[in-house]
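Novice: Mind looking over this structure? Questions follow.
Here, each number is a calculation from the coordinates, and none is a lab measurement. Note that the structure is predicted; figures quoted are calculated from it, not measured. Note that we place each Cβ from the backbone using ideal geometry, even for glycine, and neighbour counts take in every protein chain shown.
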């Protein structure tokens, strides 16, 4: 079994057929079929079911496990080539990070902007995904660093490098009819009756806090991304309730005011997988984060 077997197997699964994989990998279909039979013989189990009259193949449970492991093996090979290149070049490479959707704006402003200036040859792959998918991406080696605003699944598998607390704030258009841009902070009482647009990562905390104060928030929308919340506010349909950092920059037609309530804080956690060496570019980035 070599790396090409795993690449070809991934192609079969992702294209959904031997024909599609043969076209993608520029290999004869008969050769792929023979390879698949040899793999099933080697593993001692059926990996793929090809039903007659149905073009798309079906994975067995064993086949699904092998698909995930094959992706991990191929990602490791790519990572190995990338790390060797990093060592040779001393500052190039791809930084792959999984982020909770509502964290991306402040993360880019607070960390990636400065790091990118100091490391202009580094490129980035950022994946804004829910917690469950963050967990899988990290464990499968698809990304190296996670920025999470809620506990990851399988927490024992991860190193927590550091945590940052952010306050929840109200973000609103300057000409909105509910809140004054001249106020210093906003209270929960002042948000009563105001149409609110919550980011999913902080919606539970906000609703629980309101419930403890015996008030029912007027929720207009709950959004996966922070940007979507702020867009609702920009067009004047509501007030966004999102986590903000003190260095965050907003466009000129909106402003933000912290919510004056010590309970309304969320944390961003930087994590890596335990026991897995980091690429030089990932380690360089973490060193940068700890220095600022």
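Novice: Tell me, in nm to one decimal, what length is gained between residue 27 and residue 290 on full extension, where the rule is 0.36 nm per residue of separation less the Cα-Cα distance? Before the final figure, lay out the partial values.
Specialist: On the way: separation 263, 0.36 × 263 = 94.68 nm, distance 4.79 nm.
Full extension from residue 27 to residue 290 adds 89.9 nm.
Novice: Rounded to the nearest 0.05, what FRET efficiency is calculated for residue 283 and residue 14 with R0 set to 25 Å and r the Cβ-Cβ distance? Walk me through the numbers before you get to the answer.
Specialist: Numbers: r = 31 Å, r/R0 = 1.24.
Step by step, r from the Cβ atoms, then E = 0.20.
Novice: Nearest 5 percent is fine: what portion of the DSSP beta bridges confined to the chain is antiparallel?
Specialist: Counting only bridges with both partners in the chain, antiparallel ones make up about 55 percent.
Novice: Between residue 56 and residue 213, how many nm apart are label points set 7 Å from Cα along the C-beta direction?
Specialist: 4.7 nm
Novice: Please label the shape of the range 3-72 as rounded, prolate or oblate, based on the square roots a ≥ b ≥ c of the eigenvalues of the alpha-carbon gyration tensor (a/c under 1.5 means rounded; beyond that, a/b larger than b/c means prolate, else oblate).
Specialist: Verdict is rounded for the range 3-72.
Novice: For the range 122-172, what class follows from the C-alpha gyration tensor (a ≥ b ≥ c being the square roots of its eigenvalues): rounded when a/c is under 1.5, otherwise prolate if a/b is larger than b/c, else oblate? Please list the in-between numbers first.
Specialist: Details: a/c = 1.90, a/b = 1.43, b/c = 1.33.
Taking the square roots of the gyration eigenvalues as a ≥ b ≥ c, the range 122-172 is prolate.
Novice: Whole number please: convex hull volume per residue of the Cα set in the range 172-252, in Å³?
Specialist: On the way: hull volume 8.0 nm³, N = 81.
Per-residue hull volume (Cα only) is 99 Å³.
Novice: Restricting to the range 149-292, what percent of DSSP beta bridges are antiparallel, rounded to 5? Please report the intermediate quantities before stating the final value.
Specialist: On the way: 19 of 27 bridges.
So the antiparallel bridges in the range 149-292 amount to around 70 percent.
Novice: Can you work out the PRE-style zone for residue 108? Point 7 Å along Cα to Cβ, and I want the residues of the range 248-268 with backbone N under 15 Å.
Specialist: Under cut-off, by backbone N: 248-251.
Novice: Can I ask one more? For residue 153 and residue 237, calculate 0.36 nm times their separation in residues minus their Cα-Cα distance, and state this gained length in nm to one decimal. Could the numbers behind the result be given before it?
Specialist: Working: separation 84, 0.36 × 84 = 30.24 nm, distance 3.52 nm.
In short, 26.7 nm is gained.
Novice: Given Cα positions, please report Rg to Rh for the chain, the hydrodynamic radius being the Kirkwood one. The partial results should precede the final answer.
Specialist: Values: Rg = 23.8 Å, Rh = 22.0 Å.
When Rh is taken as the Kirkwood radius, the ratio is 1.08.
Novice: Then there is this: Modelled label-to-label distance, residue 43 and residue 3, 7 Å Cα→beta-carbon offset: nm?
Specialist: Going from the residue 43 label point to the residue 3 one covers 2.0 nm.
Novice: Sort 160, 84, 171, 239 so that the residue with the fewest other Cβ atoms within 10 Å of its own Cβ comes first and the one with the most comes last.
Specialist: In increasing order of surrounding Cβ atoms, one gets 84, 160, 171, 239.
Novice: What FRET efficiency comes out for the pair residue 72/residue 178, r = Cβ-Cβ distance, R0 = 45 Å, nearest 0.05? Walk me through the numbers before you get to the answer.
Specialist: On the way: r = 50 Å, r/R0 = 1.10.
E(calc), rounded to 0.05, equals 0.35.
Novice: Where a ≥ b ≥ c are the square roots of the eigenvalues of the C-alpha gyration tensor, would you call the range 1-121 rounded, which needs a/c under 1.5, or, failing that, prolate if a/b is larger than b/c, or oblate?
Specialist: Numbers: a/c = 2.91, a/b = 2.10, b/c = 1.38.
In terms of gyration-tensor shape, prolate.
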